[in-house]
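Chemist: Encoded as structure tokens, here's the structure I'll be asking about.
The values are calculated or read from the model by the stated rules, or taken from the named source; none is laboratory data. Just so you know, these numbers come straight off a predicted model, no measurement behind them. Heads up, the Cβs are rebuilt from the backbone with ideal geometry, glycines too, and the neighbour counts pull from every protein chain shown. Side chains are part of the model used for accessible areas, which takes the heavy atoms of the whole protein and leaves out ligands, DNA and RNA. Shrake-Rupley method; radii C 1.70, N 1.55, O 1.52, S 1.80 Å.
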Amino acid sequence: MDIVNTQGLGKRYGSTTVVDDLNLRIPEGCVYGFLGPNGSGKSTTMKMLLSLVTPSSGQISLFGRPLTRETRRDQLAQVGSLIEAPPGYGHLTGGENLRVVQRSLGLRADQIDRAVRTVRLQDQLDKKVRNYSLGMKQRLGIAMALAREPRLLVLDEPTNGLDPAGIEEIRELLRHLASHGVTVMVSSHLLGEIDRTADVLGILSGGRMIFQGSRSDLTSAATPDVLIDTVDPDRAGAVLREKLPARVDGHTVRVAGIDDRTTARVVEDLVGAGAGVYGVRRDEQSLEDVFMNLTSGGRL
Ligand SMILES: Nc1ncnc2c1ncn2[C@@H]1O[C@H](COP(=O)(O)OP(=O)(O)O)[C@@H](O)[C@H]1O
Ligand SMILES: [Mg+2]
């Protein structure tokens with residue numbers, strides 16, 4: 001069952017469409033990495049899921065039921081969230097902040113304790129939040145979101161501004177939560193911050209979903225360039241450029257977007273033309289390259 005499912009979800013502000021025809025599918029128990037450059041509509045989408053922003057079009061289902069005015073109170077009680085800046089009063093300690101949350105949500109003390117231990121903040125509770133590092137603030141925010149023992153956790157850029165150690169800590173935490181059955185939706189504008197943590201990726205660009213699937217689906221959907229080493233690159237370039245977009249760099253000809261069969265034909269042509277092929281390989285394309293290509297308007 002999908003924990004989150006949207007159909008044609010959209011948001012317009014005036015005449016500007018900021019989220020367009022979005023079909024989110026977030027399976028139970030996964031970490032869903034919600035990626036896209038700044039301004040692509042991630043926060044707006046998350047706010048619609050949390051009923052903080054009213055959709056202009058489309059439907060949302062949470063936990064297999066449509067989210068309606070009548071049902072959303074019950075459904076949202078099972079969702080923990082951290083949207084934009086971490087919450088908390090700076091002049092209160094971490095512990096005092098958590099007691100505020102405990103009272104306002106009617107939680108038990110052991111629920112707070114468990115959340116605090118999960119984010120490993122138990123030794124910092126007597127410190128005022130204004131003296132917390134950004135990483136500690138994020139962890140406090142996540143503890144607040146976790147205390148109600150949600151089935152779904154929605155985290156908007158929780159790694160933003162953290163140092164590598166802080167980012168790693170959040171990643172481990174998300175994996176830990178997912179392995180305990182919590183479904184996690186986490187956004188980032190930096191692929192590298194969550195790609196290895198996420199089971200499923202959704203990539204937004206300009207308010208539209210340009211990819212949704214597993215990491216391996218993403219890399220296999222993108223065809224890396226073929227690099228052909230030849231002893232006569234000028235001749236090779238001349239032969240290829242008649243048919244394909246090819247670029248010569250030193251002794252290597254780079255050909256974009258061709259499959260294995262086309263590669264075999266290209267090599268035959270080059271050998272036939274006497275260009276002296278001595279190497280053929282696919283360029284290593286990092287997920288980051290794929291992401292950049294996609295989000296700068298490229299298509300799968
Ligand atoms: N309340 C609003 N009124 C008008 N435009 C908005 C509002 N909120 C967000 N936007 C615009 O919607 C687009 C998407 O914003 P946002 O969802 O915050 O993107 P992201 O979280 O991916 O950076 C941006 O161009 C932003 O300026
Ligand atoms: Mg945002």
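Chemist: Just need the relative contact order of region 94-169 here, percent rounded to a whole number, with Cα pairs under 8 Å and 6+ apart.
Modeler: Once divided by the residue count of region 94-169, the mean separation gives 35 percent.
Chemist: Based on Cα positions only, what radius of gyration and what Dmax would you give for region 71-184, in angstroms?
Modeler: Using the Cα atoms of region 71-184, the pair Rg, Dmax is 13.2, 40 Å.
Chemist: About the Cα centre, and with charges only on the beta carbon of Lys, Arg (+1) and Asp, Glu (-1), how big is the dipole of region 151-264? Nearest 20 debye, please.
Modeler: The calculated dipole for region 151-264 is roughly 400 debye.
Chemist: Taking a label point 7 Å from the Cα of Thr68 along the Cα→Cβ vector, which residues of region 1-33 have an amide N closer than 20 Å to it?
Modeler: Inside the label zone: 2-10.
Chemist: Ok, one more. Please give the FRET efficiency for Asp283 paired with Glu168, using the beta carbon to beta carbon distance and R0 = 22 Å, rounded to the nearest 0.05.
Modeler: That pair, Asp283 with Glu168, gives E of 0.15.
Chemist: Quote the Stokes-Einstein diffusion coefficient, in whole µm² s⁻¹, for region 2-215, based on the Kirkwood radius over alpha carbon pairs, a temperature of 4 °C and a viscosity of 1.567 mPa s.
Modeler: Using the Kirkwood radius from Cα pairs, D works out to 74 µm²/s.
Chemist: Taking H placed 1.01 Å from N in the peptide plane, check which residues at least 5 places from Val19 or on another chain put their amide H under 5 Å from its amide H.
Modeler: Under 5 Å from the amide H of Val19 lie the amide H atoms of Lys11, each far enough along the sequence or on another chain.
Chemist: Multiplying the sequence separation of Asn38 and Thr219 by 0.36 nm and subtracting their Cα-Cα distance, what value in nm do you get?
Modeler: Stretched out fully, the Asn38 to Thr219 stretch lengthens by 62.9 nm.
Chemist: Could you calculate the contour length gain from Gln7 to Glu149, that is, 0.36 nm times the residue separation minus the distance between their Cα atoms, to one decimal place in nm?
Modeler: Here the answer is 48.4 nm.
Chemist: Please give every one of the lysines within straight-line cross-link reach of Lys11, meaning a C-alpha to C-alpha distance under 27 Å, and leave out same-chain neighbours fewer than 8 residues apart.
Modeler: List returned: Lys42, Lys47.
Chemist: Given labels modelled 7 Å from the Cα in the Cβ direction, how far is it in nm from Thr16 to Asp123?
Modeler: 4.6
Chemist: Using alpha carbons only, how many angstrom separate the centre of region 196-268 from the centre of region 130-175?
Modeler: Taking the Cα centre of region 130-175 as reference, the centre of region 196-268 is 37 Å away.
Chemist: Between Arg208 and Asp234, what's the calculated FRET efficiency when r is the beta-carbon distance and R0 is 25 Å? Round to 0.05.
Modeler: In this case the efficiency is close to 0.05.
Chemist: Search the structure for amide H atoms under 5 Å from the amide H of Thr93, placed 1.01 Å from N in the peptide plane, and list their residues when 5 or more places away or on another chain.
Modeler: Val129
Chemist: Over all distinct Cα pairs, what is the inverse of the mean 1/r for region 223-284, reported as the Kirkwood hydrodynamic radius in Å?
Modeler: In region 223-284 this quantity evaluates to 11.0 Å.
Chemist: Ignoring ligands, DNA and RNA, what accessible area per residue does region 223-284 give at 1.4 Å, in Å²?
Modeler: 59
Chemist: Could you run the Karplus curve 6.51 cos²θ - 1.76 cosθ + 1.60 with θ = phi - 60° over region 139-156 and give me ³J(HN,Hα) per residue in whole Hz, x for Gly and Pro?
Modeler: Karplus-based 3J(HN,Hα) across region 139-156 equals 5, 4, x, 5, 4, 4, 5, 7, 4, 7, 6, x, 7, 10, 10, 10, 10, 9 Hz.
Chemist: At a 1.4 Å probe radius, carbon and sulfur cover how many percent of the accessible area of the chain?
Modeler: Using a 1.4 Å probe with all protein chains present, the chain comes out at 46 percent carbon and sulfur.
Chemist: Can I ask one more? If you count only protein heavy atoms and use a 1.4 Å probe, how large is the accessible surface of Met1, to the nearest 10 Å²?
Modeler: So the heavy atoms of Met1 present about 120 Å² to solvent.
Chemist: I've got another one for you. Given H placed 1.01 Å from N in the peptide plane, which residues other than close sequence neighbours of Arg282 have an amide H under 5 Å from its amide H?
Modeler: Under 5 Å from the amide H of Arg282 lie the amide H atoms of Leu227, each far enough along the sequence or on another chain.
Chemist: Ok, one more. Among Ile210, Leu191, Ala178, whose Cα sits farthest toward the positive end of the charge dipole of region 76-225 (+1 at Cβ of Lys/Arg, -1 at Cβ of Asp/Glu, about the Cα centre)?
Modeler: Farthest towards the positive pole: Ala178.
Chemist: How long is the gain from Ser57 to Asp199 if the chain were fully straight, where each residue apart is worth 0.36 nm and the alpha carbon distance is subtracted?
Modeler: 48.3 nm
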